[in-house]
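One structure below.
The values are calculated or read from the model by the stated rules, or taken from the named source; none is laboratory data. Remember, predicted model here, so these are calculated numbers, not experimental data. Ideal geometry is used to build each Cβ from the backbone, glycine not excepted, and the neighbour counts take in all protein chains shown.
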Amino acid sequence: MAFCSNCGTQVDGQYCPKCGTSVTATSGAPYTQPISAVITQPGVSTNIASALCYLFGFVTGIVFLVLAPYNQDRRIRFHAFQSIFLNVAFIVVQIGLTIVALMFHTVSFGLGVMVSSLHLLVNLGFFLGWLYLMWKSYQGATVMLPVIGPIAERQASGQDVPPGTIGRAA
């Protein structure tokens, strides 16, 4: 079996179908596959890419939806969409709680402190949930959030699928 000396692709004829380089060797012996082609392709594994989707919120979610090898994997797409939707929900909740806290601060200082404490608890809950999602996706598990998960699953597959099919083996 002959391989291209330039890109390492398997070649059946005299020219590489990928880069067009001539594969006829000067010694007459066909070029064997380079060692670098035997080693895996550079990049991040699926588990690490799934966890990184959550790292910087919707920014890394969008990055993994745009990067070519990762946007083809359905599981990475699911985690990217779920990260985006979770962070948008977090921003909406933060804005809502801030408005409510400011309204209660104008009415009474005690009520404002109580709502601000609730605001801190919500922040802690989102932070712990974020860490949990990163950890479980790194382990290869798919955690489907109650409202956001099915929406992310539909977006990742590009079609209507029954909920709970992303994490299952075929």
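Just a yes or no: is a residue in region 147-154 surrounded by 12 or more Cβ atoms within 10 Å (Cβ to Cβ) and either modelled with pLDDT under 85 or among the acidic types (D, E) (or both)? Please lay out each step first, then the result.
Of the residues in region 147-154, the ones surrounded by 12 or more Cβ atoms within 10 Å (Cβ to Cβ) are 148-154.
With the extra rule that they be either modelled with pLDDT under 85 or among the acidic types (D, E) (or both), the set shrinks to 153.
For region 147-154, residues surrounded by 12 or more Cβ atoms within 10 Å (Cβ to Cβ) and either modelled with pLDDT under 85 or among the acidic types (D, E) (or both): present.
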Of the conditions (1) over 18 Å from R154 (Cβ atoms); (2) at pLDDT 85 or above; (3) surrounded by 16 or more Cβ atoms within 10 Å (Cβ to Cβ), the single one that A80 does not satisfy is (1)
Spans of helices (runs of 4 or more DSSP H) in region 34-151 with at least 2 residues closer than 30 Å to Q10 by Cα: 35-38, 46-52, 58-66, 74-107
Within region 44-103, how many residues are under 9 Å from the mean Cα position of the chain (by Cα) and free of Cβ contacts under 8 Å to residues at least 24 places away in the same chain? 7
Residue count, region 129-158, condition touching a helix residue (DSSP H, G or I) at 6+ places or on another chain (Cβ under 7 Å) and of a type in the set (D, E, K, R), comes to 1
